[in-house]
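The values are calculated or read from the model by the stated rules, or taken from the named source; none is laboratory data. Just so it is clear, the model here is predicted, and its values are computed rather than measured. Cβ placement follows ideal geometry from the backbone for every residue including glycine, while neighbour counts extend to all protein chains displayed. To get the accessible areas, we keep the full protein, side chains included, count just its heavy atoms, and leave off ligands, DNA and RNA. Shrake-Rupley method; radii C 1.70, N 1.55, O 1.52, S 1.80 Å.
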Amino acid sequence: MKSFASDNYAGVLPEIMEALQKANSQHARSYGADEITKKTTTLFKEVFDADADVYFVFNGTGANVLSISSATQSYNAVLCSDTSHIYNDESSAPETFTGCRFFPLAANDKGKLDINTINERLIRKGDVHYPQTAMLSITQATEYGTVYTPQEIKDIAGLTKENGLYLHMDGSRFFNAAASLGCGLKDISSKAGVDILSLGGTKAGMMFGEAVVVFNKELSKHIAYKQKQVIQLASKTRFIAAQFEAMLQNELWRMTATHANKMAELLCKSISKNRQVKITRPVQANAVFAEIPRAWYEPLQVHYPFYVWKDSTHEVRFMCSWDTKEEEIEKFVQAIDALPE
C-alpha cells in the first residue's frame, strides 16, 4: 500500500537503516554518554552555528512537551495557532505534563500567525487572576504545509523578546521548510531568534526519534531533569543520535525533503487539472490541501489513504514523502479521473 495520508506512513531511509546497523555493532555507554551521541551533538552545533544543547527523545509529542516544560511553570500560558499540532493532535499531553493553559490564536489563510494577532493576545501581564503568558509556539512547516520565511520568524522573535516570552518552534517538518526556502537550518532557527526547537526526524525518514535543540541557555538549567520526568530519556540514546548523524551529514535531509516537496508540487499540478478539485492552500512544502467531492472519499481511500481535514467543506490533505514516486502520483490521478462526476 502507498498512501498520501501522512509521511509517517513511509518507511525508513536506507541511509538510516545503515546508521542503525552500524550503531548496533558493539556495546556503548547508556543515556547519551556514548561516543555517537557526543559526535552527533557536535554536528548539531556546527550545522546550526550555535552552542546548542541537544536532547534526543522518542517522539514528537515528547519533544514538544519537553520543550514547553523547560520554559514554563504550571501557572503559565502558551500561545499557539488554532491549527497547530500541539493544540489539535497531541490530546491533553501538553497540558497534562506542563500544567499550562494553551490559548489558540487564529491562523491566517496560509496557516500562519501574524504579528498583529499575536500582539492582541499579549494581555493582563502581572494579573494574578490570569495565566501568565510565557511562551509562543509556531509550527514550521505549518499544519497547512506553508512556511515561515526567515524574516517572518525574526519579526515574531522580536515581538516575543520585547514581551519577555520564549519562542518555541514545532519542527516536525522542519527539513521540508528549509528545503522549500532553499536556506540552511540555522537561518530559520538559531539565527532567526528561536529559543528552542522540536526537530522532527520520523516524518523525514527516520525509524523513530526527534531532537530538542536548545539555543537559549536559560532553558538548559532544568531541561535534563525534565527529560527524565516526562519519560523521554532513552537508555540507548545512540540509536536516535545515529539517525540524526546520518540525516545531517552531507545534507541528506535536503535531498529527501526536496524530493518530497517536488512530489507535492507535481501532485498539486496533476490533480488541479480536474475541474472538481479545488486547491485550497499554497503548496510550499510536502502537503497538498484540496476540496474534493465527498463521494470520492471511500473509493479513493481504498487504494490511496488520505486524511479528511475539514469535512464541512470537503477539504482533504494529501502528503508526499521521501519515497513518493511519480508513477504513484500518475496512478492516483488516473483513479481520480475514473470517478464519476
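Against the set (1) 19.5, 55; (2) 20.2, 61; (3) 23.1, 81, the structure's computed Rg and Dmax of the Cα atoms in Å falls on (2).
As a length-normalised measure over Cα pairs under 8 Å and 6 or more apart, the relative contact order of the stretch 198-301 settles at 16 percent. The loop-placed GluC sites (Glu not before Pro) in the stretch 6-114, going by DSSP, include none that has at most 16 neighbouring Cβ atoms within 10 Å of its Cβ. Most simply put, the stretch 146-247 has about 55% antiparallel DSSP beta bridges, counting only bridges with both residues inside it.
Under Stokes-Einstein, with the Kirkwood radius over Cα pairs standing in for Rh, what whole-number D in µm²/s applies to the stretch 291-341 at 4 °C and 1.567 mPa s?
111 µm²/s
Given their separation in residues at 0.36 nm each and the Cα-Cα distance between them, Gln334 and Arg101 gain 79.2 nm when the chain is fully extended.
Could you check how much of the accessible area of the stretch 1-145 is carbon and sulfur, as a whole percent, using a 1.4 Å probe?
In the stretch 1-145, the share of accessible area belonging to carbon and sulfur is 48 percent.
Beyond 26 Å, what share of the Cα-Cα pairs of the stretch 184-305 is found? Please give it as a whole percent. Counting pairs separated by more than 26 Å, the tail of P(r) holds 43 percent.
Full extension of the chain between Arg294 and Arg29 gives 90.0 nm of extra length, using 0.36 nm per residue less the Cα-Cα distance.
Comparing Pro305, Pro104, Pro14 in a Gaussian network model of the chain (Cα springs below 10 Å), the most mobile by mean-square fluctuation is Pro14.
Size descriptors for the stretch 87-220: radius of gyration and Dmax over Cα atoms are 14.8, 45 Å.
The 1.4 Å probe gives accessible areas that order Thr146, Thr117, largest first, as Thr117, Thr146. For the stretch 1-138, the Kirkwood radius over C-alpha pairs fed into Stokes-Einstein at 4 °C and 1.567 mPa s yields D = 71 µm² per second. For Arg294, the accessible surface of its heavy atoms amounts to roughly 120 Å² (probe 1.4 Å, protein chains only, rounded to the nearest 10). Ranking Lys236, Lys217, Lys22 by solvent-accessible area of protein heavy atoms (1.4 Å probe, all protein chains present), from largest to smallest, gives Lys22, Lys236, Lys217. Among DSSP beta bridges lying fully in the chain, give the percent that are antiparallel, nearest 5. Percent antiparallel among DSSP bridges in the chain is about 55. Ile118 sits among other residues whose Cβ lies under 12 Å from its own Cβ, and their net charge, with Lys and Arg +1 and Asp and Glu -1, is -3. The value of relative contact order for the stretch 1-146, using C-alpha pairs under 8 Å at least six residues apart, is 20 percent. If you take the Cα centroid of the stretch 1-76 and the Cα centroid of the stretch 322-341, the two points sit 34 Å apart.
For an R0 of 45 angstrom, estimate the FRET efficiency from the Cβ-Cβ distance between Glu326 and His129 and round to the nearest 0.05.
0.20
Can you give me the % of accessible surface on the stretch 229-341 that is carbon or sulfur? Probe 1.4 Å, all protein chains present, nothing else counted. The value for the stretch 229-341 is 50 percent carbon and sulfur by accessible area. Each Cα pair under 8 Å and six or more residues apart adds its separation to the average, and for the chain the resulting relative contact order is 25 percent.
Remark: accessible surface ordering of Ile279, Ile118 (largest first) is Ile279, Ile118, probe radius 1.4 Å. Rolling a 1.4 Å probe across all protein chains gives Leu167 an accessible area of roughly 0 Å².
Per residue, how much accessible surface does the stretch 134-253 expose to a 1.4 Å probe? Answer in Å², no decimals.
32 Å²
Rounded to two decimal places and with Rh computed the Kirkwood way over Cα pairs, what is Rg over Rh for the stretch 130-169?
Reported Rg/Rh (Cα atoms, Kirkwood Rh): 1.03.
A 1.4 Å probe, protein heavy atoms only, puts the accessible area of His303 near 120 Å².
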